[in-house]
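Below is one structure; the comments refer to it alone.
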Amino acid sequence: MSRSSAITYDTPGILDQCISNEIRDMLAKKQEVYMVQRRQHSGKEKTRVVVQAIEGQKTVNQIAGEHKIHPSLVTRWKTEVLERLPEILSDGRGPSRAVQERREARMLQQIGQLTMEVDFLKKKLGLCHLDGDET
């Protein structure tokens with residue numbers, strides 16, 4: 001290649017301007033990518049993903065790749081479902097968890113109160129011996 005056939009730029013400002021415009025366009029596209037909102041996943045989509053994960057025929061990465069989601073979402077959704085499954089499948093005949101917790105708290109309070117009353121009565125009747133006072 002001879003020198004005369006080589007492309008030369010007599011005005012470096014035009015080349016700089018082209019590069020600058022190209023870089024500006026790339027930066028604008030990059031900003032657009034960052035401004036995209038997170039994807040909302042429907043309950044049906046989550047269900048399909050979790051069922052596949054529970055079946056265990058595919059790896060978490062395979063499932064995530066098929067549904068175009070991050071593998072951590074597959075794991076998180078599966079964990080949530082497995083934790084809540086007993087609650088979801090309960091027949092509703094028994095008391096709810098909140099009712100059971102209130103009942104248990106009330107019973108523990110009553111046990112404490114009765115224990116104190118028994119100790120008080122033992123002291124009054126002289127039936128209670130303090131540790132080390134037994135003779």
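Assorted remarks:
- Taken across region 109-119, residues that are out of contact with any strand residue (DSSP E or B) (no Cβ under 9 Å at 6 or more places or on another chain), surrounded by 11 or more Cβ atoms within 10 Å (Cβ to Cβ) and polar (S, T, N, Q) do not occur at all.
- Test: residue in region 48-69 that is assigned to a loop (DSSP other than H, G, I, E, B), within 17 Å of the chain's Cα centre (by Cα), modelled with pLDDT under 95 and surrounded by fewer than 13 Cβ atoms within 10 Å (Cβ to Cβ): no
- Single unsatisfied condition, Glu80 versus (1) of a type outside the set (S, T, N, Q); (2) at pLDDT below 90; (3) within 30 Å of Val49 (Cβ to Cβ): (2)
- Criterion (surrounded by 12 or more Cβ atoms within 10 Å (Cβ to Cβ) and either assigned to a helix (DSSP H, G or I) or in contact (Cβ under 8 Å) with a residue 40 or more places away in the chain (or both)) met by exactly one of Val99, Val81: Val81
The values are calculated or read from the model by the stated rules, or taken from the named source; none is laboratory data. Source: prediction; values computed, not measured. Neighbour counts run over all protein chains shown; Cβ positions are idealised from the backbone, glycine included.
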